[in-house]
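Student: This structure is in structure tokens; I'll ask about it shortly.
The values are calculated or read from the model by the stated rules, or taken from the named source; none is laboratory data. Small disclaimer: the values here were computed from a predicted structure and weren't measured. Neighbour counts are summed over all protein chains in view; Cβ atoms, including those assigned to glycine, are modelled from backbone coordinates with ideal geometry.
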Amino acid sequence: MIDRHLDSEGSQLWPRIQAWAHELGFSQIGVAPVDLAHAEEGLKAWLQAGFQGSMAYMAAHGMKRARPAELVPGTLSVITARMDYLPGDTPEDWTAQELSRTGRPQEAVVSVYARGRDYHKVLRQRLQQLQARMAKALGPFGYRVFTDSAPVLEVELASLSGVGWRGKHTLLLNRQAGSMFFLGELFTDLPLPRTAASSDHCGQCTACLDSCPTGAIVAPYRLDARRCISYLTIEHAGPIDESLRPLIGNRIYGCDDCQLVCPWNKYAQISAVPDWQARDGLQDAQISQLLHWSEVEFLARTEGSAIRRIGHARWLRNLALAAGNALLSDRLTIAQRRELLEALQAWSGHPDPVVAEQVQWSLRAGDPSPASAAVGHAPR
């Protein structure tokens, strides 16, 4: 057994922990300090600006997000981990292929990360396994595992641990892996030696800001979630602002645009973890096909998927919106228009007022009469 006082032994233990992490599918790990006081003012300003939208949980825990030792008393070190998620069958020109999806309005676009298994479950289980291996060598120690599931400043911790740096789109970037990876944390009461922090390598590039469909990246390193397509299609429960609807296009769950144009993602890595392979119906599916899913079928097809948590009603709202945008485009065949209109009509009497309103908006989009002009225009 290794002495639990790690100031001297930590340098010898760390390579073993890294090896265990790689065996469990993690691409990289680091150790961050627990003092994040420097991040508190930025967090306060972001919340005061209301950029969190309806995500009340972002403010519910106050500054605990920037104080790991308050969130989990006794925490001395945070092991940060990243796991690449591009599936094994990802083609070499994957960014171009993904960007081209928005040019096929009848196709439903799901963010790459959400096409496979729920990352919360996968990373949490594997971080638990890493902790178990550490405990076998060290003896029992205090810990908590997090994966986008608690008031944790994940990107800040990962930056301080050297796993990457915060890009201008606010996501973590890595010189060897771009940004197509998940993050997780293992809070411990072990005095592990820190790993060196990362420096910023975005330079003068503004590709992510320039490409955001809704202008949600209001300034470098500053995101207004209320305009972000990922927020609107996943977190936001009510009707989507009509001025933003045409800008969402055919994205039904999340948005990857700021990552797809990032030059660093030419280095994004293929993952050997099988959980990230796309499920049937979540890649290259037609909007009209997905609109035919009943709630029972939705729950069955999304079991074990991150998508399931938005529920069937929000799923229908997103699909109906995408259908309306498709009907506003000039790229559909007559058969595709008919299929979309028939699929929408089936939900015109939905009991959820948000779904019902969105369906009606989209049906008007498919109406060639002059009165439908008030709906707006989808990007062409």
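Student: Do you know which of the residues in the stretch 327-366 that are closer than 24 Å to Glu295 by Cβ and among the hydroxyl-bearing types (Ser, Thr, Tyr) is farthest from the chain's Cα centre (by Cα)?
Tutor: Ser348
Student: Shifting gears a bit: Any residue at all in the stretch 153-162 that is aliphatic (A, V, I, L, M), closer than 21 Å to Cys228 by Cα and out of contact with any helix residue (DSSP H, G or I) (no Cβ under 7 Å at 6 or more places or on another chain)? Before the answer, list the steps.
Tutor: The initial filter retains those residues of the stretch 153-162 that are aliphatic (A, V, I, L, M), namely 153, 155, 157-158, 160.
Pick out the ones that are also closer than 21 Å to Cys228 by Cα and you get 153, 155.
Narrowing further to those that are out of contact with any helix residue (DSSP H, G or I) (no Cβ under 7 Å at 6 or more places or on another chain): 155.
Scanning the stretch 153-162, I find at least one residue that is aliphatic (A, V, I, L, M), closer than 21 Å to Cys228 by Cα and out of contact with any helix residue (DSSP H, G or I) (no Cβ under 7 Å at 6 or more places or on another chain), so the answer is yes.
Student: Any chance the stretch 88-108 includes a residue that's outside the structural domain of Glu23 (by TED's automatic domain parsing), under 22 Å from Leu247 (Cα atoms) and in contact with a Lys or Arg (Cβ under 7 Å, 6 or more places away or on another chain)?
Tutor: yes
Student: For the stretch 64-103, name all the residues that are among the aliphatic types (A, V, I, L, M), buried (at least 16 other Cβ atoms within 10 Å of the Cβ) and in a helix (DSSP H, G or I).
Tutor: Kept after step one, since they are among the aliphatic types (A, V, I, L, M), are these residues of the stretch 64-103: 66, 69, 71-72, 76, 78-79, 81, 83, 86, 96, 99.
Those left that are additionally buried (at least 16 other Cβ atoms within 10 Å of the Cβ): 66, 69, 71-72, 76, 78-79, 81, 83, 86.
The answer is Ala66, Ala69, Leu71.
Student: Hey, another quick one. For the stretch 139-170, enumerate the residues that are touching a residue at least 60 places away in the same chain (Cβ under 8 Å), surrounded by fewer than 20 Cβ atoms within 10 Å (Cβ to Cβ) and more than 18 Å from Leu127 (Cβ to Cβ).
Tutor: Gly139
Student: Does Leu282 satisfy the condition of being buried (at least 20 other Cβ atoms within 10 Å of the Cβ) and touching a Pro at 6+ places or on another chain (Cβ under 7 Å)?
Tutor: Numbers: buried (at least 20 other Cβ atoms within 10 Å of the Cβ): yes; touching a Pro at 6+ places or on another chain (Cβ under 7 Å): no.
Taking the combined requirement at face value, the residue does not satisfy it.
Student: Would you mention how many residues in the stretch 33-63 are touching an Asp or Glu at 6+ places or on another chain (Cβ under 8 Å) and not in a helix (DSSP H, G or I)?
Tutor: Of the stretch 33-63, the ones touching an Asp or Glu at 6+ places or on another chain (Cβ under 8 Å) are 36, 39, 49, 51, 53-55, 63.
This time we only want the ones that are not in a helix (DSSP H, G or I), so: 36, 49, 51, 53-55.
Looking only at that region, the number is 6.
Student: I'd like the full set of residues that are part of a loop (DSSP other than H, G, I, E, B) and touching a Gly at 6+ places or on another chain (Cβ under 7 Å), limited to the stretch 125-176.
Tutor: Once the filter is applied, which keeps residues that are part of a loop (DSSP other than H, G, I, E, B) and touching a Gly at 6+ places or on another chain (Cβ under 7 Å), the stretch 125-176 yields Gly142, Thr147, Ser161, Gly162, Val163.
Student: Confirm whether Ala39 is aliphatic (A, V, I, L, M), closer than 13 Å to Leu157 by Cβ and modelled with pLDDT under 85.
Tutor: Working: aliphatic (A, V, I, L, M): yes; closer than 13 Å to Leu157 by Cβ: yes; modelled with pLDDT under 85: no.
Criteria not met by Ala39.
Student: Next question. If we keep just the residues of the stretch 193-203 that are in contact with a Ser or Thr (Cβ under 7 Å, 6 or more places away or on another chain) and at pLDDT 95 or above, which is surrounded by the fewest Cβ atoms within 10 Å (Cβ to Cβ)?
Tutor: Going through the stretch 193-203, the residues in contact with a Ser or Thr (Cβ under 7 Å, 6 or more places away or on another chain) turn out to be 193, 195, 197-198.
Add one more test, that the residue is at pLDDT 95 or above, and what stays is 195, 197.
Numbers: Thr195: 19, Ala197: 15.
Looking at residues that are in contact with a Ser or Thr (Cβ under 7 Å, 6 or more places away or on another chain) and at pLDDT 95 or above, I get Ala197.
Student: Counting only residues that are buried (at least 20 other Cβ atoms within 10 Å of the Cβ), aliphatic (A, V, I, L, M) and at pLDDT below 95, how many does the stretch 322-380 have?
Tutor: Residues in the stretch 322-380 being buried (at least 20 other Cβ atoms within 10 Å of the Cβ), aliphatic (A, V, I, L, M) and at pLDDT below 95: 3 in total.
Student: Let me ask something else. If I filter the stretch 228-243 for residues that are over 29 Å from Gln48 (Cβ atoms) and either more than 19 Å from the chain's Cα centre (by Cα) or modelled with pLDDT of 95 or more (or both), do I get at least one hit? Steps first, please.
Tutor: So the first thing to find is which residues in the stretch 228-243 are over 29 Å from Gln48 (Cβ atoms), and the list is none.
Taking every residue of the stretch 228-243 in turn, none turns out to be over 29 Å from Gln48 (Cβ atoms) and either more than 19 Å from the chain's Cα centre (by Cα) or modelled with pLDDT of 95 or more (or both).
Student: Restricting to the stretch 204-243, name every residue that is buried (at least 18 other Cβ atoms within 10 Å of the Cβ) and in a loop (DSSP other than H, G, I, E, B).
Tutor: Cys212, Pro213, Thr214, Ala216, Asp224, Cys228, His236, Ile240, listed by residue number.
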